[in-house]
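Read the structure below first, then the notes.
Laboratory data are not the source of any read-out in this text; all were calculated from the coordinates shown. The shown structure was predicted, so the numbers you read here are calculated from the model rather than taken from an experiment. All Cβ positions, even for glycine, are placed from backbone atoms using ideal geometry, and neighbour counts span all protein chains on display.
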Amino acid sequence: MDHLQLLTKQYTQPHRRFHTIEHIAYMFRKANEHDISLTRAQTLAIWWHDAIYVPGAADNEEKSCRLAHDYFNHLQDVDFINIMIMIQDTKTHIPRTVESAIVCDLDMMILADTKVVYRRYAKQVRQEFNMIPDDQYRQGRIQFLGELILTPIYHSDVFKKYRERAIINITEEIKSLKRK
């Protein structure tokens, strides 16, 4: 199986609603809209960062790194260390390199999209966590979002300007969750 077949299989798993091939395409579209020329390492990190995704699992990024490494370990011209750093940084969204900042920011751009797109994202995330009772989900999501708004959210100069829009969307979601 080639890597595109493997990734397509991974990103089309039935439990996925947001962390799909559309999320990957979205990241590439946002890079293109902002005239960002992604490096090969950034491109591979984007493709592989959610290759393994189990809602709520703490080791998705680590398993995605292992899968990518196992798949490409025979290639000599791939900067695995840099790719692994970028994939792992999408777990915390605290980039350790300039290249990683772009990948992390692209991963978080959905937060600053239109209200309609953001609401669809929030609904898809809820669907991925459908095994969690509503009250427990709301509590966890409010905590996650409350912690998120205390962070910079975006780290690269290209995307820092979107923080305010992301805060508006996040705050609206928190208010909606508290009303339920």
Between L6 and R40, Cβ-based FRET efficiency (R0 25 Å, step 0.05) works out to 0.85
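May I ask you to compute the full-extension gain from F80 to A58, defined as 0.36 nm times their residue separation minus their alpha-carbon distance, rounded to one decimal in nm? Intermediate values should be presented prior to the final figure.
Numbers: separation 22, 0.36 × 22 = 7.92 nm, distance 2.15 nm.
Taking 0.36 nm per residue and subtracting the Cα distance, the gain is 5.8 nm.
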Could you work out [θ]222 nm for the chain from helices alone, using -39500 (n - 2.57) per DSSP H run of at least four and dividing by all its residues? Round to the nearest 500 deg cm²/dmol. -20000 deg cm²/dmol
For Cα pairs less than 8 Å apart in space and 6+ apart in sequence, what is the mean separation divided by the residue count of the chain, i.e. the relative contact order in percent? 21 percent
Using R₀ = 25 Å, calculate the FRET efficiency as 1/(1 + (r/R₀)^6) where r is the Cβ-Cβ separation of N73 and I21; round to 0.05. 0.55
Sorted by Cβ density within 10 Å, fewest first, the residues I110, I132: I132, I110
In degrees between 0 and 90, to the nearest 10, how far off the longest principal axis of the chain does helix 134-148 point, with axes built from Cα atoms? 70 degrees
Footprinting exposure proxy for M86, M108 (fewest neighbouring C-beta atoms within 10 Å first): M108, M86
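For the chain, report the convex hull volume of the alpha-carbon atoms normalised per residue, in Å³, without decimals. Mind dumping the intermediate values first?
Working: hull volume 20.1 nm³, N = 180.
Residue-normalised Cα hull volume stands at 112 Å³.
Once fully extended, how much extra length lies between K160 and E33, figured as 0.36 nm per residue of separation less the alpha-carbon to alpha-carbon distance? Kindly include the intermediate steps, with their values, before the conclusion.
Values: separation 127, 0.36 × 127 = 45.72 nm, distance 1.53 nm.
This chain segment gains 44.2 nm when fully extended.
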